[in-house]
Every structure is written in structure tokens, then in C-alpha cells.
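Participant: Here you go, one structure.
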Amino acid sequence: MSGSDATASLADGDVRREASATVRASLAQVIEVSFARCNRVVMCLALLLAVGLMVVVVWAELVYSAHEEDYCDEPLAEMLRLIFLIIIIQSLQKTIMRHCLCYDMAQDGPVEPCRVKLFRCLSLLAALVWPLVAGWMLMNSHDCSRQLQLAVAVIIGYYVTLVAVVIILPFLFISVMLCLIRRGVLALPRMPGAAPEGSLDQLPVIAFEPARFNDEPSGLPSCCAVCLDPFNQQKEIVQTPCGHVFHKRCLGGWMQVACTCPLCRSDVTGNA
Ligand SMILES: [Zn+2]
Ligand SMILES: [Zn+2]
């Protein structure tokens, strides 16, 4: 392969990765909108867990008051005091920024001064590191009161559940949906912004010719940007007015939710 060929294929790879990222972002956006109700259920669950966490923390504070003098080979009582402080700081972040750090976004604009950024970073870091340190101490404590151990274990359990509900579950949900939609297993529900019925059939069908689907600037891409599978004779290919090509079935699924090209967002129904 000559130097210029290598550069060209590198650039093609970049273009394909960019196209795939664009489609992924657009699909994820569509899925989020389609399943907004599901999202609301997750948010309600997260809110319930947050309220539950407050109850647990108050209980842990009572355990701390009753058992702070108990002998313990790890500072579990201090960890309980620390999580209480971390949660208070997290919940009063805006007030602390306004009164202690003299920063009010409404008056001073969205650009945060260094002291505010530092405060945010440190309070986030403290919240993230606490369960790790507490878990490590819990594993290494052999001679602590049962109540102290139980209080720390319950808070760590709560932390893990919160992270799963707020971050891991939505991420898995979107990824699985994305995969099913790309594979054609699942059709997106018809959305208000969908292309009019029959517009897919008005797009020209392009015959597959290996020489044309070569990823060259003058040719066509070798893969469909929606499902990422290479084009071949088996699946019908259509071309949008903007010149982009997709599997007919893939674009059909897409047009259930939008009338714009998944890649360049121009109108695929031919209207400007
Ligand atoms: Zn496809
Ligand atoms: Zn396009």
C-alpha cells in the first residue's frame, strides 16, 4: 500500500467512525425521547432511593452517637460522621457557593471561578471515594461493634444501588435498545416527526456494485451507517436526496422517527 493510499484509508476510517458516532448519538436521542416515560420511572426510583439514603444516614448518625466510644480497629465511627458531612455539603452546594465562596451563577455568569471548580471537584471526589475507603475499612475491621459495621455496610449497599439505578441501568437499557434497533429486531415507534407514509418507497434504489461501494471520496461508503454492516446484493440499498446511502430497511426504521438523513440531517423527503 502506498503512503497516499494509507492516508486515504485512514481518512475513510475516520469518516466512517464519525458517521457511526453521529448515527449512534441520533438514535440514542430518539430512544431517550421514545422512552421518556420509562426514564421518568427511573428518575422516580432514583428520587425514592435518595430519600431512603437520607433516612439511612439519619439512622447511621444515631448509631454513631450511641457507639462512637465503642472500641474499633478501623475508624468506622469517623466514616459515619464523614458521610453525614459529605451528604450535607452535597445538598447545600449552591448555598455554600453563594455564601462561602461568593459565587452566584445568576449574577456572575456561567463561568465558574477556580475556587468553585475546586470545591465542586473535591466534594465530588469525597462522595466517590467514601464507599471505596469505607468498604476497604469494613473488610479489614475484625474487632468493631456490630452496629457500626452494619451502619457502614448499609450505606455502602445503598450507594451501589443508587449508582446502578442512576447510571448503569439507563446505560445498559440504551445500549441494548440501540443494538436491537440496529439489528432490525426492534422497530422504533412511529413518532410525531416521522416521514410521511410512503416516502421511503419514493427514494431511488441503488444496485450494489463492489467497485462503486469502495469508501473512496468519489464513490459510496462500503457500510451502512445505521447497522454498520457492509453493503451487499442481499439487502436493498436506497439513496437519499442528499446522496447518502443506507439499507432500505435501516432507513425505513429511522424514518419512523425522523424525516431527516441520519448522517447530515437534511430532509430525506425531498422538501427543503
Ligand atoms: Zn443497515
Ligand atoms: Zn445525508
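Participant: Kindly evaluate Thr260 against the criterion of being among the hydroxyl-bearing types (Ser, Thr, Tyr) and farther than 23 Å from Met177 by Cα. Talk me through it step by step, then tell me what you get.
Facilitator: Numbers: among the hydroxyl-bearing types (Ser, Thr, Tyr): yes; farther than 23 Å from Met177 by Cα: no.
Taking the combined requirement at face value, the residue does not satisfy it.
Participant: Then there's this: In the set Gly193, Gly270, which member is away from ligand 1 (no atom under 13 Å from the Cβ), out of contact with any helix residue (DSSP H, G or I) (no Cβ under 8 Å at 6 or more places or on another chain) and either more than 30 Å from Leu45 (Cα to Cα) or not charged (D, E, K, R) (or both)?
Facilitator: Details: Gly270 fails: out of contact with any helix residue (DSSP H, G or I) (no Cβ under 8 Å at 6 or more places or on another chain).
Just one listed residue meets the conditions, Gly193.
Participant: A follow-up question, please. Restricting to the stretch 181-207, and then to whatever is in a helix (DSSP H, G or I) and at pLDDT 80 or above, can you tell me which residue is surrounded by the most Cβ atoms within 10 Å (Cβ to Cβ)? Write out each step before concluding.
Facilitator: Keep residues of the stretch 181-207 that are in a helix (DSSP H, G or I), which gives 181-182, 200-202.
In the following step, the residues that additionally are at pLDDT 80 or above were identified as 200-202.
Numbers: Leu200: 19, Asp201: 10, Gln202: 13.
Checking each candidate, the answer is Leu200.
Participant: Scan the stretch 225-252 residue by residue and report those that are within 9 Å of ligand 1 (Cβ to nearest atom) and either of a type in the set (Asp, Glu) or at pLDDT below 90 (or both).
Facilitator: Residues satisfying the conditions are Ala225, Val226, Cys227, Leu228, Asp229, Arg249, Cys250, Leu251.
Participant: In the stretch 89-100, which residue that is hydrophobic (A, V, I, L, M, F, W, C) and farther than 17 Å from Val129 by Cβ is least open to solvent (accessible area, probe 1.4 Å)?
Facilitator: The initial filter retains those residues of the stretch 89-100 that are hydrophobic (A, V, I, L, M, F, W, C), namely 89, 92, 96-97, 100.
Those left that are additionally farther than 17 Å from Val129 by Cβ: 92, 96-97, 100.
Values: Leu92: 83, Ile96: 39, Met97: 12, Cys100: 98 Å².
Step by step, filter the stretch 89-100, then rank; the result is Met97.
Participant: If a residue must be away from ligand 2 (no atom under 13 Å from the Cβ) and either within 26 Å of the chain's Cα centre (by Cα) or closer than 12 Å to Phe208 by Cβ (or both), how many such residues does the stretch 249-268 contain? Spell out how you get there, then give the answer.
Facilitator: Keep residues of the stretch 249-268 that are away from ligand 2 (no atom under 13 Å from the Cβ), which gives 249-250, 252-253, 256-257.
Of the ones still in play, those that are also either within 26 Å of the chain's Cα centre (by Cα) or closer than 12 Å to Phe208 by Cβ (or both) are 250, 252-253, 256-257.
Total meeting the criteria: 5.
Participant: Here's another thing I want to ask about it. Provide a single number: the residues in the stretch 221-242 that are over 21 Å from Ala25 (Cα atoms), more than 12 Å from ligand 2 (Cβ to nearest atom) and open to solvent by 40 Å² or more (accessible area, probe 1.4 Å).
Facilitator: 5
The values are calculated or read from the model by the stated rules, or taken from the named source; none is laboratory data. Here the structure is a predicted model, which is why all the values come from computation and not from measurement. Positions of Cβ are generated from backbone atoms using ideal geometry, with glycine treated the same way; all protein chains shown enter the neighbour counts. What goes into the accessible areas is simple: the full protein's heavy atoms, side chains included, and nothing from ligands, DNA or RNA. Shrake-Rupley method; radii C 1.70, N 1.55, O 1.52, S 1.80 Å.
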